[in-house]
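What follows is a set of notes on a single structure, which appears directly below.
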4 protein chains.
Amino acid sequence: MTLNVGVVGASGFAGGETVRILSQHPKVNLNYITSRRLVGKYFHSIYPNLRNLVDYQFEEYKVETAQEKCDVIFLATPHGVSQDMVSSLLEVGLKVIDLSADFRLKNPIIYKKYYKKEHSHPELFSDAVYGLPELHRDQIKDAYLVAVAGCHASSAIYGLFPLIREGVIERSNIIIDSKTGSSGSGASVNESTHHPIRANSIRPYKMTGHRHTAEIEQELNLQISDTKIKEPEVKVGFSAHAVNLVRGILSTSHAFIAEDVEVSNKMLFKTYRKAFRGEPFLRLINQNTGVFRLPDPKIIAGTNYCDVGFELDHHLNRIVVLCTLDNLIKGTAGNAIQSMNIMSRFPENMGLEFSGYFPS
Amino acid sequence: MTLNVGVVGASGFAGGETVRILSQHPKVNLNYITSRRLVGKYFHSIYPNLRNLVDYQFEEYKVETAQEKCDVIFLATPHGVSQDMVSSLLEVGLKVIDLSADFRLKNPIIYKKYYKKEHSHPELFSDAVYGLPELHRDQIKDAYLVAVAGCHASSAIYGLFPLIREGVIERSNIIIDSKTGSSGSGASVNESTHHPIRANSIRPYKMTGHRHTAEIEQELNLQISDTKIKEPEVKVGFSAHAVNLVRGILSTSHAFIAEDVEVSNKMLFKTYRKAFRGEPFLRLINQNTGVFRLPDPKIIAGTNYCDVGFELDHHLNRIVVLCTLDNLIKGTAGNAIQSMNIMSRFPENMGLEFSGYFPS
Amino acid sequence: MTLNVGVVGASGFAGGETVRILSQHPKVNLNYITSRRLVGKYFHSIYPNLRNLVDYQFEEYKVETAQEKCDVIFLATPHGVSQDMVSSLLEVGLKVIDLSADFRLKNPIIYKKYYKKEHSHPELFSDAVYGLPELHRDQIKDAYLVAVAGCHASSAIYGLFPLIREGVIERSNIIIDSKTGSSGSGASVNESTHHPIRANSIRPYKMTGHRHTAEIEQELNLQISDTKIKEPEVKVGFSAHAVNLVRGILSTSHAFIAEDVEVSNKMLFKTYRKAFRGEPFLRLINQNTGVFRLPDPKIIAGTNYCDVGFELDHHLNRIVVLCTLDNLIKGTAGNAIQSMNIMSRFPENMGLEFSGYFPS
Amino acid sequence: MTLNVGVVGASGFAGGETVRILSQHPKVNLNYITSRRLVGKYFHSIYPNLRNLVDYQFEEYKVETAQEKCDVIFLATPHGVSQDMVSSLLEVGLKVIDLSADFRLKNPIIYKKYYKKEHSHPELFSDAVYGLPELHRDQIKDAYLVAVAGCHASSAIYGLFPLIREGVIERSNIIIDSKTGSSGSGASVNESTHHPIRANSIRPYKMTGHRHTAEIEQELNLQISDTKIKEPEVKVGFSAHAVNLVRGILSTSHAFIAEDVEVSNKMLFKTYRKAFRGEPFLRLINQNTGVFRLPDPKIIAGTNYCDVGFELDHHLNRIVVLCTLDNLIKGTAGNAIQSMNIMSRFPENMGLEFSGYFPS
């Protein structure tokens, strides 16, 4: 049986990757892609890497068309736009996978704090499932609305959830120092992404107050297991840098070891192996030899894999966690499609086990 | 039915790509990979992008093992090494696809001129088929020895063969100005590829006497059709530059329009469309709008596609031909596997229609 | 004695470099910089590399202010804008060094052909001196209007003029294949210079009809010495590619050896040595060993040097000429200031002998 | 009066930059450069950016020659080599500026812990002055042996010393997340710096146990002012990443606000302004607008400037400090020459106020 899907806002980088991966999915019939700006144009006119491979044409977005042509809709619309589209789509019985930030947070006060406006549909917050498949698999299964996790947030959460879950680290002073490529800034042009300006830089672009801080804390707090003391809550200091790269994020988390916890390398290996067991796309990377001993975006660019590694620093009683993923795939489109697979009872890795190429 | 294949010299960049693509080929059982240096190690220890996806281990190379385990052998050994291995492999009935330069040339004198030594097995020259599937499909079908075309040579030939075939251009003064990424220099380290030295450079590394000159001329001469005058022969001035990139080649050919030939854009479109008709991996790229109007390696990196475009310059009575391909895929491993498909009566595009990702 | 100078349009990349170099010139008092967009702002607010080093503020442009404060005005205004400003500046007795293309060409018909509009002040064509110091030193000395050579044009002319002057090459079929960094596209943003789109590309952005074709031909034709036959005229096929780099141009010229001329390496060395003798900023680079045997933009980025090298290709009866310069310095601001030095009877190399840093 | 200086080990990147900057210093006569590997070769054969500008030739190293020709010797020899050379140089009355790590640490136990061997001349530790001019100006003045600070260490210390000095932050849990370009790995080639492998990566290459940890702690501890409680000592968790860049380091320090200290932006501005007052090469970068609001290596590459900025994060009670410098200049050769200026009673900024170029 084939699933009919549509991608709204398919011209941006996130939408584009969703289209590309869906076009190669064995159980998907992608028969509706929309873009306000590009109605009537061919998808491959702006994604020429797909020339000869697909012949999709951008259409106008209408709920009726979506209803008629699709079972599942991916919203790759800008933040703030999705929230007004979702309810009409849900009403006509469609399942919605939203790639924007609109339905990730559960607390409208936190939403307002970070997004500086009231949400137009907070009543849907309880229906939305946070789209990080490894942590919300069971809820995603029956969800009608999935809010795909943010790319920076994913890279932080994948690296830290095992440590929070096992109570290994202090919760209230976690430092996350993130480095991202330029594709994270989207397809829209501005002075700061002008090649002569952006190339060869390491730009500290959001040191404090990054919106993904809220998601990271929300999700890590959920990982505090019942038998552990709930207080204090997880609080993270998240800082994002833009480096000279197009694809990929590396998050370096610096976490202090919790009081009275004995930590060894062996114990950390066990903690991560337990947390990642059976996960098709989470890989533990901690080699003793070779060039790529720890996670590096070079290795996962173009894939749905997330690589995690760690080092123990007795000097500062610190664990350094490295986590890397492709911001547009495992950080966006890949997790969206992995969620779709779960919702549709397809094998979870279907259409997602492509490898990147190396060296690139 | 599954084809059993082996890759000899699988640790280098060409061998690595061959392994990666074969590992995802639906009709191939890759059960023998060798590397002198890495016997016993896992393939993913040096190609960590394939961790979790493959679990090949490097073995020692022996003809007997090859015979026992394989139907087809890919030789990704250095230039000069293959020539001594091929006959023993052919003797035990294996088919050989050689990625090195050893059997590309048909003329031992030309071989010596460009490679500065006598070939050890010139008697095999007549058995070897030049591995450019689009030009030698029929011979490849029944070949036992395929000599995969060089990466620079491929990019030059794909762009120029339609013009030679139709007698559109002067043959004796074709300029080919090629630009390549650093992966073309292979996996071996030297001072010139040290990152601080190699980055941000445009290095004119081989302006004259490049070995691929010989292949290009040999193959383009074969394209002179019977009804045309055979003289003069094709002679090219090939110059290769290394640019700040890892993957991909762009060849810019500057060819003068032949006397008494009326050339228009329409006529050129027709010429290329005719030559590329039905070809699964040759794409004509000549857009009037957008950023990517002409071929750009950014678009084909990571794929088996070769993009060709042109511009007509009445000012100098010149045609500028742009041709781009991924040096390690369409320029090496991809054409090798496309040849294998032909030899094995598999659909020619089988296992090769993966798309690159964009932006990368 | 100090020279009072001003830079109009000082916010763009060309103007910015002019300001930077002038600020360190021992005989210059830079006391007027203008920008429509940035009146009142500090120069270092957009060129933070100069913070603490200069404290210029952008002013509004007025002829009266220019007259009052300056002896020489540099126009770093867009093409098409300078032509309406020059006459009023000349009228009040100022010397003008125009970095735009407006006064480079001598023939209004050619101007219209390449710039697609009538020039508003063709009567000034005869007053303007083409700002390539090495070729027009004597005229620049007494000039009131210098039209600084285009960056691509400079790289082509510096490489080829010795060969034209000595009658070594055929004139009517010279191929110039140029590669440039992204700073050549200026400070204005557009989709094609968006970092994720522009990075890792080799973009053939102007294969035919490039405006610098006209300058190159004009200037090379002037180099045909009296004793040589004037016909045929120099005609070049100029093609420009954008590579993954910020600073620098490398032009590869492919020229055919003229009939009846005996060419050897020795003869070419002599030809270039003769042409470059005494030139402070033209360097002949033809090493037998080392990584940097031929010109490479990596070596001249950030300097006023222009490096030229060559290889002789008997196979195609061709000379390959490599020429590299920094598009914003020797290709623009540096030649402007070198011209100013000549006009002001300063040592020609004054304020221009800074070295780039390596590796960068 | 001219100072006669020599550079030992002038072929490496650190030595090369020292030579380049000294060659342009108005009071220096550089008349001795050595390299074991390159005796008799010209400096510009490996630093072709200086062709035409200098004509130094590499000589063999001998104490006698150094004594005869020099007043000051710069040692740009590898770590572990300097320690055996210094005493003989001091004995003959030379002043030594050592760019290696050999004499930076004051405590032989710490030295052994981080460098894994006994120091051969610990008796010289008390003579050596740590070569960070801003912090040890008075001692450098009369020093005979200056141990130039490490590049990563400098970037950490410049950002943090004002906060330690004023008691603003907790001392025992400072996180320093550093990002560096590839020139930091030196001129020697290895697999990990091979361009196809190194490009487009973010490599976490030393997460724990980095040798500069010891210098950073030593120097920051010295900044604890007398009136403050001495305990606890400064302890830092230093982690170094290699990013896709050639020149420059950005260190992001995450420090927790000390108990009972009221911190505001205003107070932090005051703290940094006070610490940097009168410093020619330390710049505070905290703009409200523009692309470059915080320090970015793109802005300081090629210069002796060190840019520092900060953000206050009330959410985590954290101060984020950004500090960037050119690893080979302010991080090595520049500080060495700044120290030489101090020792020689030259103006401290002499020969060091060159600007980088932008964009690069």
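The values are calculated or read from the model by the stated rules, or taken from the named source; none is laboratory data. Because the structure is predicted, anything quoted here is derived from the model rather than measured. Virtual Cβ from ideal backbone geometry, glycine too; neighbours counted across all protein chains shown.
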In the range A:61-77, is there at least one residue being hydroxyl-bearing (Ser, Thr, Tyr) and over 23 Å from A:ASP127 (Cα atoms)? yes
Flagged in the range C:74-108 as under 22 Å from the mean Cα position of the chain (by Cα), in a loop (DSSP other than H, G, I, E, B) and of a type in the set (Val, Ile, Thr), in numbering order, are C:THR77, C:VAL81
Wholly inside the range C:109-189, strands (runs of 3 or more DSSP E) that include 3 or more residues that are over 24 Å from C:PRO78 (Cβ atoms) and modelled with pLDDT of 95 or more are C:174-180
The correct count of residues that are surrounded by 24 or more Cβ atoms within 10 Å (Cβ to Cβ), out of contact with any strand residue (DSSP E or B) (no Cβ under 6 Å at 6 or more places or on another chain) and not charged (D, E, K, R) in the range C:195-210 is 6
With A:ILE157, A:ILE169, A:ILE164 as the choices, which residue is away from every other protein chain (no Cβ under 11 Å), touching an Asp or Glu at 6+ places or on another chain (Cβ under 6 Å) and either on the phi < 0 side of the Ramachandran plot or free of Cβ contacts under 8 Å to residues at least 40 places away in the same chain (or both)? A:ILE157
Applying the selection to the range A:106-165, what residues are under 30 Å from A:THR303 (Cβ atoms) and among the hydroxyl-bearing types (Ser, Thr, Tyr)? A:TYR114, A:TYR130, A:TYR144, A:SER154, A:SER155, A:TYR158
Starting from residues that are over 19 Å from A:LYS330 (Cα atoms) and aliphatic (A, V, I, L, M), keep the ones in the range A:222-242 and report whichever is surrounded by the most Cβ atoms within 10 Å (Cβ to Cβ). A:VAL236
Which of the residues spanning the range D:210-254 are at pLDDT 95 or above and of a type in the set (S, T, N, Q)? D:THR213, D:GLN218, D:ASN221, D:GLN223, D:SER239, D:ASN244, D:SER251, D:THR252, D:SER253
Go through the range A:272-336 and tell me which strands (runs of 3 or more DSSP E), entirely inside it, have 1 or more residues that are away from chain D (no Cβ under 12 Å) and free of Cβ contacts under 8 Å to residues at least 60 places away in the same chain. A:282-284
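Residues checked against (1) under 30 Å from B:ARG203 (Cα atoms); (2) in contact with a strand residue (DSSP E or B) (Cβ under 6 Å, 6 or more places away or on another chain); (3) surrounded by fewer than 19 Cβ atoms within 10 Å (Cβ to Cβ):
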| residue | (1), (2), (3) |
| --- | --- |
| D:PRO122 | no, no, yes |
| D:PHE125 | no, no, yes |
| D:VAL129 | no, yes, no |
| D:GLY150 | no, no, no |
| D:ARG171 | no, no, no |
| D:VAL189 | yes, yes, yes |
What number of residues within the range C:309-356 satisfy the criterion of being touching a helix residue (DSSP H, G or I) at 6+ places or on another chain (Cβ under 7 Å) and among the basic types (Lys, Arg)? 1
Restricting the search to the range D:190-202, which residues are out of contact with any Ser or Thr (no Cβ under 7 Å at 6 or more places or on another chain) and not in a loop (DSSP other than H, G, I, E, B)? D:GLU191, D:SER192, D:ILE197
Can you work out which of the residues in the range C:1-34 that are in a loop (DSSP other than H, G, I, E, B) and more than 14 Å from chain D (Cβ to nearest Cβ) is surrounded by the most Cβ atoms within 10 Å (Cβ to Cβ)? C:GLY9
Working only within the range A:66-123, note down all residues that are free of Cβ contacts under 8 Å to residues at least 24 places away in the same chain and closer than 26 Å to A:THR2 by Cβ. A:GLU68, A:SER82, A:GLU91
Check B:LEU222 against each of (1) more than 10 Å from chain C (Cβ to nearest Cβ); (2) in contact (Cβ under 8 Å) with a residue 12 or more places away in the chain; (3) under 15 Å from the mean Cα position of the chain (by Cα) and name the one condition it does not meet. (3)
Give all pairs with beta carbons closer than 6 Å in which a residue from the range C:238-252 that is assigned by TED's automatic domain parsing to the domain that holds C:GLU17 meets a residue that is aromatic (Phe, Trp, Tyr) and modelled with pLDDT under 95; count only pairs at least 6 apart in sequence or on separate chains. none
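Every residue, every condition in (1) basic (Lys, Arg); (2) not assigned by TED's automatic domain parsing to the domain that holds C:GLY9, yes or no:
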residue: C:VAL81; (1), (2): no, no
residue: C:ILE109; (1), (2): no, no
residue: C:TYR114; (1), (2): no, no
residue: C:LYS117; (1), (2): yes, no
residue: C:GLY131; (1), (2): no, yes
residue: C:ARG137; (1), (2): yes, yes
residue: C:LYS141; (1), (2): yes, yes
residue: C:ILE157; (1), (2): no, yes
Filter the range D:45-57 down to residues that are part of a helix (DSSP H, G or I) and surrounded by fewer than 19 Cβ atoms within 10 Å (Cβ to Cβ), then give me how many there are. 1
Within the range D:58-68, is there a residue that is part of a strand (DSSP E or B), out of contact with any Cys (no Cβ under 6 Å at 6 or more places or on another chain) and over 30 Å from C:PRO295 (Cα atoms)? no
Got at least one residue in the range C:250-263 being under 18 Å from the mean Cα position of the chain (by Cα), within 11 Å of another protein chain (Cβ to nearest Cβ) and of a type outside the set (Ser, Thr, Tyr)? yes
Of (1) in contact (Cβ under 8 Å) with a residue 12 or more places away in the chain; (2) assigned to a loop (DSSP other than H, G, I, E, B); (3) more than 7 Å from every other protein chain (Cβ to nearest Cβ), D:GLU231 fails just (1)
Could you say which residue among A:PHE358, A:PHE346 is within 14 Å of chain D (Cβ to nearest Cβ) and aromatic (Phe, Trp, Tyr)? A:PHE358
Identify all residues within the range D:221-244 that are touching a Lys or Arg at 6+ places or on another chain (Cβ under 8 Å) and among the hydrophobic types (A, V, I, L, M, F, W, C); write none if there are none. D:ILE224, D:VAL234, D:ALA240, D:ALA242, D:VAL243
